[in-house]
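Heads up: the structure comes next, in structure tokens.
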Number of protein chains: 2
Amino acid sequence: MSFIATPQSMHFAEALPLISGAAIRDYTLAYETYGQLNADKSNAVLVCHALNASHHVAGVYEGEPRSEGWWDNMIGPGKPVDTNRFFVIGVNNLGSCFGSTGPMHKHPDTGEVYGADFPVVTVEDWVNAQARLLDRLGIGQLAAVLGGSLGGMQALSWTLQYPERTRHAVVVASAPNLTAENIAFNEVARRAIVTDPDFHGGHFYRHGVIPQRGLRIARMIGHITYLSDDVMNEKFGRQLREGIHLKYSTQEVEFQIESYLRYQGDKFSEYFDANTYLLITRALDYFDPALRHGGSLAQALAVARARFLLVSFTTDWRFSPQRSREIVQALLENRRDVSYAEIDAPHGHDAFLLDDARYMGVMRSYFDSISKELA
Amino acid sequence: MSFIATPQSMHFAEALPLISGAAIRDYTLAYETYGQLNADKSNAVLVCHALNASHHVAGVYEGEPRSEGWWDNMIGPGKPVDTNRFFVIGVNNLGSCFGSTGPMHKHPDTGEVYGADFPVVTVEDWVNAQARLLDRLGIGQLAAVLGGSLGGMQALSWTLQYPERTRHAVVVASAPNLTAENIAFNEVARRAIVTDPDFHGGHFYRHGVIPQRGLRIARMIGHITYLSDDVMNEKFGRQLREGIHLKYSTQEVEFQIESYLRYQGDKFSEYFDANTYLLITRALDYFDPALRHGGSLAQALAVARARFLLVSFTTDWRFSPQRSREIVQALLENRRDVSYAEIDAPHGHDAFLLDDARYMGVMRSYFDSISKELA
């Protein structure tokens, strides 16, 4: 049984300048907090989310017993990130479709739904927006910033954009930038959405339709890349839907894996916003702190002051251990304090969301050590 | 400068019974032959093609100097498969869109274009159709059957369906069946095609349209899986299309890899038939000789009499070396004569089509040894 979480929101009238040169004003951030901020405000932990997640990180909503947050196994009373000791903040990012201002909301100037006109947001913009929220909450310095995958990119970026505000950064299943292959998968997913006739150039809301075909394809591609080949073979293998009796059809479901993927695609297309998908995958593509340092990650990370924990998973081929090791290496070149755990887990990229005794043990012991620094 | 190839075709009036229980009659196979059949007809080599290929295996067409066949680096006078010594036959498979009878042709009963009603064809069906062509050409036994990827599955299947007609089988970058991940990629590609509104349930020909959106997506997914992560990083990496100046757009091309994939998708969608794509990916999914042997590949291969060469490539994650080793292992359990080469090449699955000194050397020496057996 998990604790009760209560979603909150904060409005920001003043414009947030974006990396692209555009700005966004009159926006709202949805967030949740768990635990109590201590007297000297030194126990705050910010949790950053990845593609398909939100500010609802842990706990359940009142009267909805199955509404656990996406990292409920990690965060809560007595859990690795112990809310009896830490004040944990989950924020939904700008451009999302889960509560914060996004493409389905109205532009304050025109009163029209943003749609495709929602400005392109980057990891750096999200971090700036999160920093403003912390300002409002009266939190100067974070005990830790924590995230997996795209969330890990935000955690890393915190240490570069606000080095003095970040005591620890916990970067899980992440990378210093996307490889060409990852950009390629994102691009195929985006093309599937954008070329769906129901996309209407991103202004599908006006037409009362959603580009479900494209979203389904995008999600199916995503799902394949989140899992490892091993786990797919173990879970589905070549299992036929209806025993050994083959239908010999190109369109009917023949294998269990097809049925699973179609189901995942259908479900996703019913709740996820197409413009949000474009924005978030683009933020992933753009993240590359080394770009403005001639490609040198070590130079890019020279400004960081935080202590780091990096975690990767052996079968994660989307954000492979090698990518985490690049970050570790660049931090060591800067003589930063860094711990690194490479977890032997079969679940691919998804492993960062799953229970694994060694993974949870590493996280627990790192956060235990952070809590010992608190007054 | 390559030799001149001449496409030929052979009509078959009699019905070919298919694995599905259906049959196809009054069909045509397009094929090419290179070199001369020797007096005792012992030097024939059949080359089987993969997804995006045809009977045009080697040589160029008269007056079209850039029309080299898809395996022109491998096959020809003085090449590893030397047409001065071997009589090489390339056949286009049933259901293809490159000359043999396929979904864009007319059903002999109705006079209507097959479209989605073209029967589902399997690797076994293709092999049976190829065997009939060889009958007509007066070829009893093949010196060798040769193929890469899906073509390798056909070569393997020849040794099971016609063990006495197959002296050697050369199976390159192939597998005894597809993994769940491979089926998954095929399924996403098929869903992209089938859900394109221009697909019209597979009868798009009647509507004067083609499902280009779906074909583009299918090809982009395919392309990602044919290349290795390494080669993508080397060829494209995070190179921006227009220098360091970012556009901050979700739909415009920003990275070179996006431009490359879009170009490949566009090109493919202009010449490849959507129904053919469904049929060929399905033939890949279905291939699984162990299925009717309780999953035992060794039992399935017990009937084979051929000598084998298996070749795989280290960075091929679609048909990984491990899958070739499974075939080698099953053959060894049957005390078959098998050679195996695992080529350290960076190019992923595509490596089987590319020049690589070690790969070409292995092929040359294997075919040299076959030629020494000839009278």
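The values are calculated or read from the model by the stated rules, or taken from the named source; none is laboratory data. Please read these numbers as outputs of a predicted model, since none were measured by experiment. When we count neighbours, we look across all protein chains shown, and the Cβ atoms used for this are built from the backbone with ideal geometry, even at glycine. Accessible surface areas use protein heavy atoms only, side chains included; no ligands, DNA or RNA. Shrake-Rupley method; radii C 1.70, N 1.55, O 1.52, S 1.80 Å.
Considering all alpha-carbon pairs of region B:138-178, what whole percent are spaced by more than 10 angstrom? Summing the P(r) tail past 10 Å for region B:138-178 gives 64 percent. Pairs from the list A:Lys106/B:Lys247; A:Lys41/A:Lys372; B:Lys79/B:Lys267 with a Cα-Cα gap above 22 Å: A:Lys106/B:Lys247; B:Lys79/B:Lys267.
Just checking the listed ones, A:Gly140, A:Gly78, A:Gly99: in the Gaussian network model of chain A with Cα springs under 10 Å, the one fluctuating most is A:Gly78.
Extent of region A:1-67 along its three principal axes (Cα atoms, max minus min coordinate, largest first): 46, 33, 21 Å. Peptide B:231-242 shows a mean partner chain C-beta count of 3 within 10 Å per residue C-beta. One quarter of the convex hull surface built on the alpha carbon atoms of region B:212-364 amounts to 11.9 nm², the projected area averaged over directions. Every Cα-Cα pair of region B:183-226 was included, and the share exceeding 13 Å stands at 49 percent.
For the Cα trace of region A:99-159, dividing Rg by the Kirkwood Rh returns an Rg/Rh value of 1.06.
Computed about the Cα centre, the dipole magnitude for region A:221-375 is approximately 540 debye when only Lys and Arg (+1) and Asp and Glu (-1) carry charge, each at its Cβ. Heavy-atom accessible area for A:Asp368, with the other protein chains in place and a 1.4 Å probe, reaches approximately 40 Å². Cα centroids of region B:226-304 and region A:140-161: 34 Å apart. The amide H of B:Leu142, built 1.01 Å from its N in the peptide plane, has B:Thr166, B:Arg167 as neighbours under 5 Å, considering only residues 5 or more places off or on other chains.
As a ratio to 2.2 N^0.38 Å, the alpha-carbon radius of gyration for region B:267-351 is 1.33.
Placing pseudo-labels 7 Å out from each Cα toward the beta carbon at B:Glu373 and B:His200 gives an inter-label distance of 5.1 nm. Of all DSSP-defined beta bridges confined to the protein assembly as shown, some 35% are antiparallel rather than parallel.
Sorted from shortest to longest, the distances between the A:Arg292 label points of this copy and the other copies are 6.5 nm, with each point 7 Å from Cα along the line through the beta carbon. Rounded to the nearest 500, the 222 nm mean residue ellipticity of chain A from helices alone is -10500 deg cm²/dmol, with -39,500 (n - 2.57) taken per DSSP H run of at least 4 residues. With unit charges on the beta carbon (Lys/Arg positive, Asp/Glu negative), name the residue among A:Ile183, A:Val45, A:Ser371 whose Cα is farthest towards the positive pole of the charge dipole of the protein assembly as shown. Of A:Ile183, A:Val45, A:Ser371, it is A:Ser371. Per 10 Å bin, what is the whole-percent P(r) computed from every C-alpha pair distance within region A:45-132? Calculated over all Cα pairs of region A:45-132, the distribution is 16, 39, 29, 13, 2 percent. Across the identical copies, the label point of B:His11 (7 Å from Cα in the Cβ direction) is separated from its matches by 7.9 nm, in order from shortest. Across all directions, the average projected area of the convex hull around the alpha carbons of region A:263-316 is 6.5 nm². Per atom type, chain A shows carbon and sulfur on 48% of its accessible surface, probed at 1.4 Å. Based on Cα contacts under 8 Å between residues 6+ apart, chain B shows a relative contact order of 17 percent.
Note on B:Thr314: accessible area is roughly 60 Å² with a 1.4 Å probe, heavy atoms of protein only. Between A:Pro346, A:Pro211, A:Pro65, find the one with the highest GNM mean-square fluctuation for chain A; connect C-alpha pairs within less than 10 Å. Of A:Pro346, A:Pro211, A:Pro65, the Gaussian network model singles out A:Pro65 as fluctuating most.
Ignoring the sites themselves, chain B has its longest run without GluC sites (Glu not before Pro) in a DSSP loop having at most 15 other Cβ atoms within 10 Å at B:113-241.
Peptide B:256-262 shows a mean partner chain C-beta count of 5 within 10 Å per residue C-beta. For the options B:Leu240, B:Leu178, B:Leu160, a Gaussian network treatment of chain B with springs between C-alpha atoms closer than 10 Å singles out B:Leu240 as fluctuating the most. P(r) tail, region A:31-187: Cα-Cα pairs separated by more than 22 Å, 44% of all pairs.
Where does the protein assembly as shown land on Rg/Rh, using Cα atoms and the Kirkwood Rh? Ratio of gyration radius to Kirkwood radius for the protein assembly as shown: 1.02. For the protein assembly as shown, a crude dipole built from +1 on the beta carbon of Lys and Arg and -1 on the beta carbon of Asp and Glu, taken about the Cα centre, is about 520 debye to the nearest 20.
Based on alpha-carbon atoms, the Kirkwood radius and the radius of gyration of region B:180-294 give Rg/Rh equal to 1.07. What separates the A:Pro108 label point from its copies, with the point 7 Å along Cα to Cβ, is 7.4 nm, written shortest first. Convert 10 °C to kelvin, take the viscosity as 1.306 mPa s, use the Kirkwood radius over C-alpha pairs of region B:124-251 as Rh, and evaluate the Stokes-Einstein diffusion coefficient in µm²/s, rounded to a whole number. For the chosen part, D equals 86 µm²/s. Ordered from longest to shortest, the equivalent ellipsoid semi-axes for chain B are 32, 26, 21 Å, each the square root of 5 times a Cα gyration tensor eigenvalue.
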